[in-house]
Amino acid sequence: MEYAVETFSLTKIFSDCWGRTKVYAVDDLNLQVRYNEVFGLLGPNGSGKTTTIKMLLGLLYPTKGRSVILGGDGTDPKINARIGFLPEESYLYRYLSARETLDFYGRLFGLPAKVRKMRIEALLDMVGLKAVANRAVGTFSKGMARRIGLAQALINDPDLLILDEPTTGLDPIGTRQIKDLILKLAERGKTILLCSHLLADVEDVCDRIAILYGGRIQAQGRVKDLLQQTDKKQITTGAIGDATIERIKQLVQDEKSECTVTSPMDKLETFFIKTVTEAQQQAKPTSGAVSTTRIGDFLVPEKSAESILDKLISAPVSQKASPRPPTTHQVVHTESPESKPDEQLLSKLTEPTEPAQAEHVIGDEQVKTEPIKPKPIQQQEIEESILDQLTDRSKTQNGDKEQGDKPQTGDTGDA
Amino acid sequence: MRSIWAVATNTIKQALRMKIAAIFIILLIVLLPIMGFSMTGDSTLKGRLQTFVSYGLSLTSLLLCLLTIVTSVYSLTSDIDQRQIYTVITKPIRRFQLILGKVLGVVLLDVVLLVLFSVIIYSITVYMPVFYNATEDELVQVENEFYAARASVTPPVIDVSKEVEQAYNKLKEVGQLPEDMSRRDITAHLTSLKKLEKRAAAVGHELIWEFHNVRPLEPNESLFIRFKYDVSVNPPDSQIYSRWFVGDYRQIKYGDVGQTHIYPFERKDPVRTFREIEVPADAVAEDGYLAIGFFNLPLNNTVVIFPLEDGLEVLYRAGGFTPNFFRAVVLIFLRLIFLACLGALAATFLSFPVAISFCLVVFFTATFSNFCLESFNFLGGNLSSVYSYTLKPVIQLLPQFDKFNPTEFLVQARLLSWFFLVRAAGSMVCIKAVLLLLVALLIFSFREIAKVII
């Protein structure tokens with residue numbers, strides 16, 4: 001199985017009840033999503049992105065062609081158990097509370113009560129809805145519903161995550177979080193199929209993209225390859241004097257090329273997040289979703305330590321089904337209020353694994369006021385990458401499913 | 001199984017929290033006690049009890065049927081319509097499990113509500129004599145004629161085919177056969193005539209029925225002869241004067257020395273109304289033989305007919321009220337199971353309003369199936385052949401709710417036997433409901449879930 005998702009001339013034709021007026025929603029689509037990559041499916045409205053996803057999951061039947069997802073059929077419960085799906089809008093049962101919603105989906109996966117409870121709390125914490133967990137989701141704003149939608153897609157700790165417009169309705173911080181989460185998950189060996197028309201999102205997180213128009217792939221490839229302007233070079237320097245600039249210009253002119261000099265702009269996203277984080281630190285109350293930077297700890301690689309053990313013990317038990325009691329593998333979230341929000345995110349993304357620590361800190365809401373722990377990030381990263389390599393190797397040895405072609409260091413987390 | 005259960009509990013939550021069930025529950029909780037104290041029937045205790053049980057149980061049954069249809073249809077159509085199904089069906093649950101979960105949820109909700117309301121009805125029924133300050137006579141009467149489950153014996157059907165044959169040939173000989181009728185129609189007509197003849201007593205004549213296998217529980221209990229008169233000419237005061245004999249007729253017939261008593265009754269009863277005569281159970285011979293004689297007194301001046309279907313039967317206590325009530329409730333429950341499956345079927349291929357109307361049409365047709373069948377039969381002529389190959393089989397495929405009507409049993413204190421219940425369960429649930437469910441699963445497994453959006 002080379003690809004996590006593969007389609008073979010997938011075609012969907014919509015026709016009216018007399019069989020006339022054919023619309024090719026998806027036309028002869030050949031898509032290959034490799035294991036352990038973030039794949040972006042782009043396209044304008046009505047270009048067949050959602051239809052493709054629905055066909056992958058068996059919500060629609062292809063008129064022609066077929067698709068293979070995780071080496072099987074998208075309607076097979078065994079395959080479904082390894083997929084997380086976030087539809088284009090969060091369609092939730094309005095009368096259930098956030099917690100009940102996640103519990104319902106957890107039960108559909110047949111998760112044991114203990115695991116379910118642990119994951120629900122972790123996920124609620126992660127998407128920042130812990131404070132409103134007992135409110136009916138019918139009363140949620142679109143962004144909050146989106147967060148619950150994301151949480152339900154992650155409850156089974158999926159190998160393949162299919163996200164249809166994951167950032168619609170989310171504020172910039174939420175968007176940033178989702179992007180970070182995607183990178184984080186990809187780093188952990190998950191495959192992510194992302195469907196969006198928000199180009200900035202896709203550009204930030206995707207390894208490869210395909211651009212759809214009229215149900216056909218118009219362009220496909222690595223983001224870097226597609227976007228890099230190989231005939232131009234950019235040099236970033238510190239604040240240097242005018243004289244130096246003149247000398248550089250002179251050098252460039254000697255090369256018979258041209259050069260312009262400007263000060264680089266901060267991205268608005270970065271600025272926005274910085275502003276809001278500062279406001280948060282002054283404890284301004286909000287009734288909306290709380291932005292946290294945690295990631296459900298069952299999604300991060302504490303389990304890698306455990307799954308190595310699992311695999312050493314042999315028994316190829318399904319990872320999702322195996323309950324992980326909270327005492328066997330814990331992580332302490334060493335949250336610290338750092339000056340730059342991106343760095344703060346990064347530090348969360350690269351939390352150290354400390355299996356010896358038996359304390360569980362889910363639910364600790366005062367993370368941001370804790371003093372800085374200048375614990376060596378470097379060292380954490382090293383520890384982590386060792387772990388990752390261990391996991392990866394053990395995975396390849398065992399299932400040969402994860403063919404990671406992605407660099408496994410933690411530094412991709414800061415896109 | 002876990003996922004079926006998850007869907008089932010979610011369906012129950014939906015019904016309760018979306019307040020679909022609330023209206024029905026509040027209505028019943030308010031109405032039932034009011035009915036218990038406001039209904040007087042014919043102002044006797046028995047009349048009160050009969051009216052209350054009849055209306056209370058019918059209302060509960062009707063409302064729960066509607067609730068079942070609505071919840072069962074809504075639960076699935078809203079999932080499809082509001083697209084929650086996208087996230088549900090992409091989880092490791094098969095489509096048939098989703099449907100089964102929905103039906104299970106509706107059925108469980110029904111169980112809870114049915115238990116709740118039948119306990120209310122039962123308590124009011126049992127305690128009504130206390131509140132009503134009934135007299136001693138009335139208490140005895142309701143004990144025998146209401147708080148009981150009575151078995152029924154009807155006179156054996158007399159074979160009249162020979163007589164019909166003779167009559168037909170006679171008509172043929174005389175050449176008086178009606179020309180516009182087929183032989184089958186004439187025979188049918190003659191048969192019913194002859195049968196009626198056997199159940200008619202001319203002025204000053206008598207009718208005797210013999211029963212076998214009458215088995216009252218105790219010899220000191222009572223038997224009840226339940227009858228209804230039809231007359232050829234209506235008497236001025238609509239009353240029929242009669243003399244009845246109940247006992248072992250063989251003593252007279254064969255001159256045996258009888259041990260059992262023969263009871264005579266002199267009566268005056270209104271026409272076209274059900275009446276009951278109480279007879280001591282020792283009128284029945286040891287081998288279960290019982291004869292009933294009816295003498296049409298000359299002063300009536302009219303022929304008295306006992307209608308074919310329900311003109312006369314013998315009732316005797318064969319069980320208690322409580323188990324009978326329980327079985328009646330189970331009979332309602334069978335109905336609900338059928339409707340839950342019907343709702344699921346409709347929801348798999350119809351949108352909410354259409355599915356609801358479809359289910360209601362089926363429900364009411366099933367409720368009045370007998371009426372529908374009879375009225376179509378009455379059409380006759382050319383239409384009948386078209387109808388008998390199209391609508392008739394469809395109606396017969398439906399469960400006959402009116403045939404399996406539990407309230408009739410309770411009102412007449414009639415034994416609703418386990419056998420009858422099993423038969424109803426077999427035809428209504430094991431065959432018809434399961435068939436519906438299978439079709440539903442089939443349709444749902446093959447249909448496209450998502451809507452066409454480009």
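Of the residues making up the range A:93-102, those that are at the interface with chain B (Cβ under 9 Å from one of its Cβ atoms) and crowded, with 23+ Cβ neighbours inside 10 Å number 1. In this structure, is B:R243 within 24 Å of B:A200 (Cα to Cα) and at pLDDT below 80? Answer is no for this residue.
Filtering the range B:270-313 to residues that are among the charged types (D, E, K, R) and part of a strand (DSSP E or B) leaves B:R275, B:E276, B:E278, B:E313.
Applying the criterion of at least 1 residues that are open to solvent by less than 10 Å² (accessible area, probe 1.4 Å), closer than 15 Å to A:I217 by Cβ and more than 11 Å from chain B (Cβ to nearest Cβ) to the strands (runs of 3 or more DSSP E) found wholly in the range A:27-69 leaves A:32-34, A:38-42.
Within the range A:70-81, restricting attention to residues that are surrounded by fewer than 23 Cβ atoms within 10 Å (Cβ to Cβ) and within 20 Å of the chain's Cα centre (by Cα), the residue that is farthest from the other protein chains (Cβ to nearest Cβ) is A:I79. Scanning the range B:278-303 for residues that are within 29 Å of the chain's Cα centre (by Cα) and over 11 Å from B:F245 (Cα atoms) gives B:E278, B:P280, B:A281, B:V284, B:G288, B:Y289.
Anything in the range A:145-173 that is within 12 Å of chain B (Cβ to nearest Cβ), in contact with a helix residue (DSSP H, G or I) (Cβ under 7 Å, 6 or more places away or on another chain) and not aliphatic (A, V, I, L, M)? List them, or say none. Listed by number, the residues that qualify are A:Q152, A:D164.
Considering the range B:13-26, and only residues there that are open to solvent by less than 80 Å² (accessible area, probe 1.4 Å) and farther than 23 Å from B:T90 by Cβ, the residue that is nearest to the other protein chains (Cβ to nearest Cβ) turns out to be B:M18.
Is there a residue being more than 18 Å from B:V304 (Cβ to Cβ), within 29 Å of the chain's Cα centre (by Cα) and open to solvent by 80 Å² or more (accessible area, probe 1.4 Å) anywhere in the range B:203-212? Yes, the range B:203-212 contains a residue that is more than 18 Å from B:V304 (Cβ to Cβ), within 29 Å of the chain's Cα centre (by Cα) and open to solvent by 80 Å² or more (accessible area, probe 1.4 Å). The number of residues in the range B:266-304 being touching a Leu at 6+ places or on another chain (Cβ under 6 Å) and open to solvent by 40 Å² or more (accessible area, probe 1.4 Å) comes to 0.
Residues that are touching a residue at least 60 places away in the same chain (Cβ under 8 Å) number at least 1 in the following helices (runs of 4 or more DSSP H) confined to the range A:93-193: A:113-127, A:142-154, A:172-187. Taking the listed residues A:L198, A:L185, A:L212, the one that is over 19 Å from A:A122 (Cβ atoms) and more than 14 Å from every other protein chain (Cβ to nearest Cβ) is A:L198, with no other qualifying. Taking the criterion of being at the interface with chain A (Cβ under 7 Å from one of its Cβ atoms) and either free of Cβ contacts under 8 Å to residues at least 40 places away in the same chain or surrounded by fewer than 22 Cβ atoms within 10 Å (Cβ to Cβ) (or both), the residues of the range B:70-92 that qualify are B:Q82, B:R83, B:Q84, B:T87, B:T90, B:P92.
For the range B:105-121, the criterion of being touching a helix residue (DSSP H, G or I) at 6+ places or on another chain (Cβ under 8 Å) and within 14 Å of chain A (Cβ to nearest Cβ) is met by at least one residue. Count of the range B:195-250 residues, restricted to those that are without any contact (Cβ under 8 Å) to a residue 60 or more places away in the chain and not in a strand (DSSP E or B), is 8. Looking at the range B:345-454, the helices (runs of 4 or more DSSP H) lying wholly inside it that each contain 2 or more residues that are over 14 Å from the mean Cα position of the chain (by Cα) and more than 14 Å from every other protein chain (Cβ to nearest Cβ) sit at B:352-367, B:369-379, B:381-389, B:391-397, B:418-424, B:434-446.
Of all residues in the range B:123-157, exactly one satisfies the criterion of being part of a helix (DSSP H, G or I), surrounded by fewer than 19 Cβ atoms within 10 Å (Cβ to Cβ), of a type in the set (S, T, N, Q) and at pLDDT below 85, namely B:Q141. Among the residues of this structure, A:G84 does not count as one that is in a strand (DSSP E or B), in contact with a helix residue (DSSP H, G or I) (Cβ under 9 Å, 6 or more places away or on another chain) and more than 11 Å from chain B (Cβ to nearest Cβ). Every condition in (1) within 19 Å of B:T9 (Cβ to Cβ); (2) modelled with pLDDT under 90 is met by A:Y105 except one, and the failing one is (2). The number of residues in the range A:8-26 being assigned to a strand (DSSP E or B) and within 14 Å of chain B (Cβ to nearest Cβ) comes to 8. Residues that are over 25 Å from B:I305 (Cβ atoms) and outside any helix (DSSP H, G or I) were ranked within the range B:172-194; the one that is nearest to the chain's Cα centre (by Cα) is B:S182.
If I ask for residues that are within 10 Å of chain B (Cβ to nearest Cβ) and surrounded by 23 or more Cβ atoms within 10 Å (Cβ to Cβ), which ones from the range A:106-143 would you list?
A:G106, A:L108, A:F109, A:L111
The values are calculated or read from the model by the stated rules, or taken from the named source; none is laboratory data. Computed from a prediction, not measured in an experiment: that's the story for all the values here. Because the Cβ atoms are built from the backbone with ideal geometry, glycine has one as well, and the counts that use them run over all protein chains shown. Surface areas here come from the heavy atoms of the whole protein model, side chains and all, with no ligands, DNA or RNA. Shrake-Rupley method; radii C 1.70, N 1.55, O 1.52, S 1.80 Å.
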